[in-house]
1. Can you tell me which residues in segment 14-44 are in a helix (DSSP H, G or I) and without any contact (Cβ under 8 Å) to a residue 40 or more places away in the chain?
């Protein structure tokens, strides 16, 4: 099951190139602040999964290109990153060590951006972009 956060904090199930809105079944209020609903959804996923599938089956399918995808978890309690976690990056960074010997570092949770969010940087700043993928074990 693929789950997405879209259009102002709504929760959807992605099926066959469409998104089905299951926000109510997920028990999430898109207007809630702080937006911790997605964290609760992850914690309660096994319990909520049957209701999400049922809601998705009855929801209107909306094509993926008609929704605006957002940061999946807008209010994580922490972001942990590893400085050099694959060989090509080590070569690029001229590093001899990998994450297992260099430890980790924390990133500000305000550094998150959604798939369509612009990244605006001050002029005359050199930026390095990282893509982070998180997989929850079933």
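The values are calculated or read from the model by the stated rules, or taken from the named source; none is laboratory data. Bear in mind that the values here come from a model prediction, so they are computed numbers and not experimental data. Glycine also receives a Cβ, built like all others from the backbone with ideal geometry; neighbour counts cover every protein chain displayed.
1. 23, 24, 25, 26, 37, 38, 39, 40, 41, 43, listed by residue number.
A quick yes/no check of all residues on (1) modelled with pLDDT of 95 or more; (2) in a helix (DSSP H, G or I); (3) farther than 18 Å from residue 26 by Cβ:
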{"position": "51", "(1), (2), (3)": "yes, yes, no"}
{"position": "54", "(1), (2), (3)": "yes, yes, no"}
{"position": "57", "(1), (2), (3)": "yes, yes, no"}
{"position": "72", "(1), (2), (3)": "no, no, no"}
{"position": "76", "(1), (2), (3)": "no, no, no"}
{"position": "80", "(1), (2), (3)": "no, no, yes"}
{"position": "83", "(1), (2), (3)": "no, no, yes"}
{"position": "90", "(1), (2), (3)": "no, yes, yes"}
